[in-house]
Amino acid sequence: MAVLGSASDARRALRRYRAGGAVVEHWALPGPGLAESLQRASLVVIATRDPLWDDVIATTRCATPVIRHAPASSIGHITLVGGGPGAPELMTVAARAALGDADVVFCDRLGPRSAVREMAVGAEIVDVGKRPGHHAVPQEQIERLMVERALRGEHVVRLKGGDPFVLGRGREEVEAALAEGIHVSVIPGVTSAIAAPSAAGIPVTYRGVSQLFTVLSGHTAPTEEQCRQLKALGGTVVILMGVGTVHRTAAALVAAGMAGTTPVGIIERAHTPEQRTTVCTLEDLSANVARVGCASPAVIVIGDVVRLAHCWPPEFATSAATFATDTAERRS
Ligand code: SAH
């Protein structure tokens, strides 16, 4: 096939067709051998708005089918994309479109990683997330890499788990772009703060039960004062990044006056085939997290809405059982 247009305009079309295995002849400008190349090709792709190529096609009387491919943008920019909790179906249409238009994608550990390659066909995929045995690329370095690539004129997509602005350092990345005068846009995503409880059947609010929910980072356990405020506020408490500090958090909430019988749900790897939900009560939380071996990524939900979880056992209050679990395998 033949792709027509300057290297900058045609770069995305070139990458896509080459990634698909096509043998591509690229013509940035007309030159000797062009007419033969167009005749030989099974398909001609005009990947530029430059009218020059329409004239060329007309004068060479090329019989090969001709299609158009949108030229790549020549002004570098950054799009922060919220990828949702992990299932590709939970990505927005805007997120998919941004990936399809990317020159380079910087991915996190969480989010819809498996689908990135097929949505961002031909784009360079850079993994900046933390994996077991590997260190995450430090935040400042991620920002520097993104800025460098955008200054080269590329469309940089920063794919983040959930929503970029929920405990996701999204605003820092926006500021890094703005500081360099780079245009940046943000595509919101389905946050795990709501989607993980929902995957277990737990609504974060429910008329007559909970009219509000508070989302907090469990990266460091909440202070005594925060626990008192949470207790006073009522409603549902949703903790992200909280597995490592769950012992201290549970003790602090009970010390602040929250009932030990308050229901708690831990939803691990929500919206993935490995999803698992564990329910118990606040006083038994610590013991059950250890017993079941809960691991990150997990969302911890505390409040009466947890009684609505698919796996909340009706006999729970009266039996000796202190926890119940529900795995993706068990449900299917
Ligand atoms: N911006 C993200 C949150 C980033 S903090 C969002 O809006 O979802 C990372 C934490 O999110 C994890 O430690 C975990 O608490 C939670 N998380 C993200 N994806 C998850 C998933 N699929 N299942 C359970 N928890 C998840």
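Going by neighbour counts of Cβ atoms within 10 Å, the residues ILE194, ILE78 line up, fewest first, as ILE194, ILE78.
Output the DSSP H helices from the chain with an along-axis C-alpha extent of no less than 30 Å and a mean Kyte-Doolittle hydropathy no less than 0.5.
Working: long enough: none.
Span-like helices here: none at all.
Computed over the alpha-carbon pairs of the chain, the distance histogram in 10 Å steps reads 6, 22, 24, 19, 13, 8, 6, 2, 0 percent, short to long.
In the elastic network of the chain, a GNM with C-alpha springs shorter than 10 Å, the most mobile of THR60, THR322, THR48 is THR60.
Per residue, the chain reaches -9000 deg cm²/dmol at 222 nm when only DSSP H runs of four or more residues are counted, each adding -39500 (n - 2.57).
With the charge dipole of the stretch 6-49 set up from +1 on Lys and Arg Cβ and -1 on Asp and Glu Cβ about the Cα centre, the Cα lying farthest toward the positive end among the listed residues ILE46, ALA13, GLY31 is that of ALA13. In the stretch 271-317, inverting the average of 1/r over every pair of distinct C-alpha atoms gives 11.8 Å as the Kirkwood radius. Averaging the sequence gap over all C-alpha pairs within less than 8 Å and six or more residues apart, then dividing by the number of residues, gives the chain a relative contact order of 14 percent. Measuring r between the beta carbons of VAL93 and ALA22 and using R0 = 22 Å, the FRET efficiency lands at 0.25.
How large is the translational diffusion coefficient of the stretch 193-331 in µm² per second when you combine the Kirkwood radius over alpha carbon pairs with Stokes-Einstein at 20 °C and 1.002 mPa s?
Estimated diffusion coefficient is 147 µm²/s.
Among ALA35, ALA195, ALA102, the largest mean-square fluctuation in a Gaussian network model of the chain, built with springs joining Cα atoms closer than 10 Å, belongs to ALA35.
You can think of it this way: the chain between LEU43 and ILE67 has 7.9 nm of extra reach, that is 0.36 nm per residue less the Cα-Cα gap. Result for the chain in a Gaussian network model with C-alpha springs under 10 Å: among ARG113, ARG15, ARG152, the largest mean-square fluctuation is at ARG152.
Since every read-out is calculated from the coordinates, none of them should be taken as a lab result. Please read all numbers here as calculations on a predicted model, not as lab measurements. In this analysis, Cβ positions are derived from the backbone assuming ideal geometry, glycine residues included, and neighbour counts consider all displayed protein chains.
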